[in-house]
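Read the figures in this text as sums done on the coordinates, not as results from a lab. Bear in mind that the values here come from a model prediction, so they are computed numbers and not experimental data. Glycine also receives a Cβ, built like all others from the backbone with ideal geometry; neighbour counts cover every protein chain displayed.
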Amino acid sequence: MKIIRTPNEWQRERQRMGSATVGLVPTMGALHAGHLSLIRKCRSENSITVASIFVNPTQFNNKQDLSAYPRTFEDDCRLLEQEGTDILFSPDYTDMYPDDFRYQIRETELSTRLCGATRPGHFDGVLTVVMKLLTIIGPTRAYFGEKDYQQFLLIKGMAEAFFLPTQIMDCPLVREASGLALSSRNRLLSEADRRKAPKFYQALSSGKPLDEIQQLLESDGFTVDYVEEYDGRVFGAVFLEEVRLIDNVKR
Ligand code: AMP
């Protein structure tokens, strides 16, 4: 696996690829089986698979969350290599933001709801960094997980709104046997919270009315950010101590 650090380096590499199909899997690292399922799907549909690792500071509305975000670069490289990833693009902040975030992409409706309601600016950061990655890499297809379903919908909408040539692909949410959605943030949970966390999925998928789901979660010791229905799915975000978990299930 070749590691590329700058957009210029990528351009030189890209010229050698001719008309090969390129698939992109954007990530923030701390990789787990959920990320690897995206890599596998990407490999099966493209001749070249590019993963990116960039912990994007502009999408963190909380400094503490950014500094606590797990960083496991060496392990990530090993996992990506095992999965047959061809290229890892891992730029630093100044390469991605020569403008220091003066230019931004903003959606004005869905981005203010669900996770957007309590994380102001979060989706501006997400959409801006994804726009940059799609513009730099110029992939045929880009892969996003249904774990972040609101993010997927916003990115798909952005690609349509700006006539981007990349196909935006969604990938099923990967869970552990307990039902807990795999997430880089699960590593930040204490042992006791780790045992409690599967109850989040169990409550969301219980089929109960939303207010009952919220009460159930609160009685299990979760601090509930929101539980809401949208687009035929129940979405939720909860805190266990400082750690924020999200999930969604089809209703
Ligand atoms: P992140 O590194 O958390 O930004 O995630 C990178 C990509 O992996 C996003 O498209 C996520 O939706 C996706 N992803 C993260 N966790 C999972 C999971 N458990 N199942 C499927 N996709 C996931």
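Assuming 0.36 nm per residue, please report the length gained on full extension of the stretch R12 to F101 beyond their Cα-Cα distance. Spell out each step's value before the answer.
Numbers: separation 89, 0.36 × 89 = 32.04 nm, distance 2.54 nm.
Result: 29.5 nm gained on full extension.
What does the net charge come to around T94 if you take all other residues with beta carbon closer than 13 Å to its beta carbon, with K and R at +1 and D and E at -1?
Every neighbour counted, the sum reads -2.
Once you sort the root eigenvalues of the Cα gyration tensor of the range 2-171 as a ≥ b ≥ c, which label holds: rounded (a/c under 1.5), prolate (a/b larger than b/c) or oblate (the other case)?
It comes out rounded by the Cα gyration axes.
How charged is the neighbourhood of G34? Take every other residue with its Cβ under 14 Å from the Cβ of G34, and add Lys/Arg as +1 and Asp/Glu as -1. Intermediate values should be presented prior to the final figure.
Working: positive: R40, K41, K147, R175, R185, R187; negative: D76, E83, E146, D148, D170, E176, D247.
Around G34, the surrounding residues sum to -1.
Long-range amide H contacts for Y226: which residues qualify at under 5 Å (H placed 1.01 Å from N, peptide plane, sequence gap of 5 or more or a different chain)?
HN-HN under 5 Å from Y226: A237.
Rounded, prolate or oblate: which fits the range 1-42 when a ≥ b ≥ c are the square roots of the eigenvalues of the alpha-carbon gyration tensor, with rounded for a/c under 1.5 and prolate only if a/b beats b/c?
It comes out oblate by the Cα gyration axes.
What percent does the relative contact order of the range 108-212 come to when contacts are Cα pairs within less than 8 Å and at least six residues apart?
Dividing the mean separation by the residue count of the range 108-212 yields 20 percent.
Mind pulling the angle between the C-alpha long axis of helix 73-82 and the longest principal axis of the chain? Nearest 10 degrees, somewhere in 0 to 90.
70
For the pair K63/T94, report the inter-label distance in nm, with labels modelled 7 Å from Cα in the Cβ direction.
Calculated label separation equals 2.2 nm.
Using 0.36 nm per residue of separation minus the Cα-Cα distance, give me the extension gain between T135 and E81 in nm, one decimal. Walk me through the numbers before you get to the answer.
Values: separation 54, 0.36 × 54 = 19.44 nm, distance 2.44 nm.
Full extension of this stretch gives 17.0 nm more.
Starting with the highest mean, order 102-112, 218-228 by the number of other Cβ atoms within 10 Å, averaged over the residues of each peptide.
Answer by packing, highest mean first, reads 218-228, 102-112.
Would you give the gap between the C-alpha center of the range 184-224 and the C-alpha center of the range 21-94, rounded to a whole Å?
Each part's Cα centre sits 27 Å from the other's.
When a/c reaches 1.5 or more, the comparison of a/b and b/c decides; with that in mind, is the range 210-251 rounded, prolate or oblate per its Cα gyration tensor? Intermediate values should be presented prior to the final figure.
Values: a/c = 2.82, a/b = 1.51, b/c = 1.86.
Because a/c hits 1.5 or more and a/b fails to exceed b/c, the range 210-251 counts as oblate.
Which of the lysines could be linked to K147 by a straight reach, that is with a Cα gap under 26 Å, when you skip same-chain ones fewer than 8 residues away?
K41, K63, K132, K156, K196, K199, K208, K250
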